[in-house]
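Q: Can you read through this structure? Questions will come right after.
The values are calculated or read from the model by the stated rules, or taken from the named source; none is laboratory data. No experiment lies behind these values; they were computed from the predicted model shown. Glycine gets a Cβ as well: all are built from the backbone with ideal geometry, and neighbour counts include every protein chain shown.
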Amino acid sequence: MKYDHIGIPTTEDKQWSAYVEAGKVHITDSTTDPYGIEWLKFDAGSPMHDLIQKVAHIGFEVDDLDSALQGAKVIVEPFDAKPGVRCAFIDHNGAPVELVQRKKAACGCGCSK
């Protein structure tokens, strides 16, 4: 497991990179932010867990999402965030944590080829 990003809920407008319809949430791309910040703005009526809407979360990249979730208190079941990226959220002692699994490229280097 390695640190990937921090996600911070906001009510301000940003340069949104995506809108996740299922979660009714606008997000920025943490990979383009020099500090790895992912901003999240939730629409009214968002079904996302209240903890994620109100508390900043830390994201960790894992090799095997299913294994990483074993024994954890899952608050958002695994979902495909975008092609090649599968995520889930857990409650770790009252703090939201996102676990992210990226599909490895055929060349094995981690690029998006």
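Q: Restrict the check to region 55-76 and report whether at least one residue is in a loop (DSSP other than H, G, I, E, B), under 13 Å from the mean Cα position of the chain (by Cα) and among the small types (Gly, Ala, Ser).
A: Checking region 55-76: at least one residue is in a loop (DSSP other than H, G, I, E, B), under 13 Å from the mean Cα position of the chain (by Cα) and among the small types (Gly, Ala, Ser).
Q: Something else about it: Working only within region 76-96, note down all residues that are surrounded by fewer than 17 Cβ atoms within 10 Å (Cβ to Cβ) and among the β-branched types (Val, Ile, Thr).
A: Across region 76-96, the qualifying residue is only Val85.
Q: Give me a count of the residues in region 33-50 that are surrounded by fewer than 10 Cβ atoms within 10 Å (Cβ to Cβ) and either at pLDDT below 95 or closer than 24 Å to Val62 by Cα (or both).
A: Adding up the residues that qualify gives 2.
Q: Take the residues in region 47-82 that are free of Cβ contacts under 8 Å to residues at least 60 places away in the same chain and touching a Lys or Arg at 6+ places or on another chain (Cβ under 8 Å), then tell me which one is farthest from Ala22 (Cα to Cα).
A: Filtering region 47-82 for residues that are free of Cβ contacts under 8 Å to residues at least 60 places away in the same chain and touching a Lys or Arg at 6+ places or on another chain (Cβ under 8 Å), the one farthest from Ala22 (Cα to Cα) comes out as Phe60.
Q: Any residue in region 1-27 that's farther than 18 Å from Gln101 by Cβ: show its pairings with residues that are of a type in the set (Lys, Arg) at Cβ separation under 6 Å, as long as the two are six or more apart or on different chains.
A: Hits for this filter: Thr10/Lys41; His26/Lys41.
Q: Of all residues in region 75-106, which are at pLDDT 95 or above and of a type in the set (Phe, Trp, Tyr)?
A: Passing the criteria: only Phe89.
Q: Taking the condition of being assigned to a strand (DSSP E or B) and either under 11 Å from the mean Cα position of the chain (by Cα) or of a type in the set (D, E, K, R) (or both), how many residues in region 38-47 meet it?
A: Taking region 38-47 first, the residues assigned to a strand (DSSP E or B) are 38-42.
From what is left, the residues that are either under 11 Å from the mean Cα position of the chain (by Cα) or of a type in the set (D, E, K, R) (or both) are 38-41.
Total meeting the criteria: 4.
Q: Please pick out the residue among Asp29, Asp33, Asp50, Asp13 that is farther than 19 Å from Met1 by Cα, within 13 Å of the chain's Cα centre (by Cα) and of a type in the set (D, E, K, R).
A: Matching residue, one of Asp29, Asp33, Asp50, Asp13: Asp29.
Q: Right, here's the next one. Going residue by residue through region 64-74, is there one that turns out to be out of contact with any strand residue (DSSP E or B) (no Cβ under 8 Å at 6 or more places or on another chain), surrounded by fewer than 12 Cβ atoms within 10 Å (Cβ to Cβ), of a type outside the set (Gly, Ala, Ser) and at pLDDT 95 or above?
A: Residues of region 64-74 out of contact with any strand residue (DSSP E or B) (no Cβ under 8 Å at 6 or more places or on another chain): 67, 70-71.
Next, only the ones that are surrounded by fewer than 12 Cβ atoms within 10 Å (Cβ to Cβ) stay: 67, 70-71.
Filter once more, so that each one left must be of a type outside the set (Gly, Ala, Ser): 70.
Filter again for at pLDDT 95 or above, leaving 70.
Yes: one or more hits.
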